[in-house]
Every structure is written in structure tokens, then in C-alpha cells.
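*Asks:* The structure that follows is given in the form of C-alpha cells.
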Amino acid sequence: MALSLGHEAAAQEKDHVEIGLGAAALPRFEGSDEYRARLAPLVDVRKGRFFARTSDGIGLNLLETPRFTIGASVAWMPGYRGRDVPDGIGKLSAALGGRVFVSTRVGGAVATLSATQALTESERGLLVNARVAYPYQVTERLKVTPLISTNWANGKYMDSYFGVDAARAAGSGFPVYQPSAGFKDISLRVAVRYQLNKHWSVAGAVGVSRLLGKAADSPFVKRETQPSALVGLTYTF
């Protein structure tokens, strides 16, 4: 589960470089009833068609119009540590994924549809994300961005993250479970950014995500609805 800080791609966006560091409280894995604190790099860079963003990876905007942006990137697909999941489930290594997306601005809202296919761990599968954000400038320094999103995953992805094969079943005591493709989750998040001065800003986000369908039915999912939070400090060059 990743928390967005409201860095939504928009056509004709100005060049900028913003980096920072945050602290996040996130579930140990999707479906866990326990949490742990994690350091989170906060990156939002735009130079011409090139971009690098924490939530979207490193890539290029291949086509830009006043309303539409189409692009591609290499993005991070997180896994989970062996000690964070029930005994016998085992570690799931992170992977690099190839991501393609299209983004459009309608009124003040930014809608994005993306698809990410695992590259370094091909068995990790495919994840399709749809999200709508509404960045709102409350004051000259304060910006609030509510966002709603949902993820659809193919069978390989669902099986990697939520499945229980024979080896896992033998080690954990859970029954064998092979989930099929379907909608994985739906999330609601609110990001807040307050500009302290020309360079420094405080940023934060809170959100809640609910697992759906076959993901929620996994034998080792303990909690279907999971809140999360992030706060950090960023510097703009």
C-alpha cells in the first residue's frame, strides 16, 4: 500500500525538483492486523518530458496536450518481509515493473489509468490502477488533495501476493488457495501540503484501503480494511 502526497501528473506541468523524507505507518503486509513504521523517500521531479515520482516511478511523458498526458515509466512493486507475514508464508521479493499510463484533467480533477507489469519477477503479474484526484489550493500556502483509487490484478499477481501453494500450505497450516484475477482493493486518501517558505514544505497523508474479492478471501488476510498515514518534510530547488 502506497500513500500519495498529491503529486498528480498534469499536462504542461512546470519543471521542478522536490525531494524529502517522511515517516509512514503502514500495515506489515496487505491484510495484516499489525503495523510498523517505515522511512519513505519523497521525490517529485519534472524536467521536460522526464519525471521521477515516489508513487509513479521514473519515466517519460511521451505525448502531452493541454488536457492529456500519455507516458511510460519503470516503477517499484513492493513485496513483503518474511518476518512480517504468518509463519510458513515466506518472503515476497520486491520487483521492478514496466508502467504505462494515460492522464487527463477534467475541470479541477486529474484522472489517471495505468497498467504495471512486473519485469524482474515476471511471475508477479499485472496490476491495473484507476485513480481520480482533486488538488485544491485552499490558501496560497496550503494545498489539499483528496484521491480515490482502485486496483485490478491478474491471476499471477493475486496468486503471488495472496495465494497459498502446496509449500506455503505445508509450512503455515493454511489451506491451499489460488485466487483468480479481479479487483484487489479500493482506497480513499487525503494529502495535505503546507509551504513553510520558498523551499521547505511539510507534507502528510492519511488513507484507508479495503481489500476486495479474492484478495480479501485469502486465508492469511486478517484485516480487510486498513488505515495508513505519512508525514514528511520536502525541499524544492
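*Asks:* Taking the criterion of being open to solvent by 60 Å² or more (accessible area, probe 1.4 Å) and either at pLDDT below 95 or in contact with a Pro (Cβ under 8 Å, 6 or more places away or on another chain) (or both), would at least one residue in segment 144-157 satisfy it?
*Replies:* No, that holds for no residue.
*Asks:* Taking segment 97-113, which residues are among the hydroxyl-bearing types (Ser, Thr, Tyr) and over 16 Å from THR150 (Cα atoms)?
*Replies:* The one that is among the hydroxyl-bearing types (Ser, Thr, Tyr) and over 16 Å from THR150 (Cα atoms): THR104.
Matching residues to (1) of a type in the set (A, V, I, L, M); (2) outside any loop (DSSP other than H, G, I, E, B):
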| residue | (1), (2) |
| --- | --- |
| GLU140 | no, no |
| LYS143 | no, yes |
| ILE148 | yes, yes |
| TYR161 | no, yes |
| ARG189 | no, yes |
| VAL192 | yes, yes |
| GLY207 | no, yes |
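*Asks:* Got at least one residue in segment 8-25 being at pLDDT below 95 and of a type in the set (S, T, N, Q)?
*Replies:* Yes; the residues of segment 8-25 include at least one that is at pLDDT below 95 and of a type in the set (S, T, N, Q).
For (1) under 20 Å from VAL132 (Cα atoms); (2) of a type in the set (Phe, Trp, Tyr); (3) under 19 Å from the mean Cα position of the chain (by Cα), each residue gets a yes or a no:
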{"residue": "GLU18", "(1), (2), (3)": "no, no, yes"}
{"residue": "SER32", "(1), (2), (3)": "no, no, yes"}
{"residue": "VAL43", "(1), (2), (3)": "no, no, yes"}
{"residue": "SER55", "(1), (2), (3)": "yes, no, yes"}
{"residue": "ALA75", "(1), (2), (3)": "yes, no, yes"}
{"residue": "PRO78", "(1), (2), (3)": "no, no, yes"}
{"residue": "SER93", "(1), (2), (3)": "no, no, yes"}
{"residue": "GLY97", "(1), (2), (3)": "no, no, yes"}
{"residue": "ARG105", "(1), (2), (3)": "yes, no, no"}
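*Asks:* Somewhere in segment 212-226, is a residue surrounded by 15 or more Cβ atoms within 10 Å (Cβ to Cβ), under 21 Å from the mean Cα position of the chain (by Cα) and in a strand (DSSP E or B)?
*Replies:* yes
*Asks:* With (1) within 26 Å of TYR161 (Cβ to Cβ); (2) touching a residue at least 60 places away in the same chain (Cβ under 8 Å); (3) buried (at least 16 other Cβ atoms within 10 Å of the Cβ); (4) not charged (D, E, K, R) as the list, and ALA95 as the residue in question, which single condition is left unmet?
*Replies:* (2)
*Asks:* Another question, then. Being open to solvent by less than 30 Å² (accessible area, probe 1.4 Å) and among the β-branched types (Val, Ile, Thr) is the filter; apply it to segment 55-92 and report the residue that is farthest from ALA191 (Cα to Cα).
*Replies:* Within segment 55-92, the match that is farthest from ALA191 (Cα to Cα) is ILE89.
The values are calculated or read from the model by the stated rules, or taken from the named source; none is laboratory data. Since we're looking at a predicted model, the values are computed, not measured. Don't worry about glycine lacking a Cβ; one is built from the backbone with ideal geometry, like all the others, and counts go over all protein chains shown. Please note that ligands, DNA and RNA were not included when accessible areas were found on the heavy atoms of the full protein model with its side chains. Shrake-Rupley method; radii C 1.70, N 1.55, O 1.52, S 1.80 Å.
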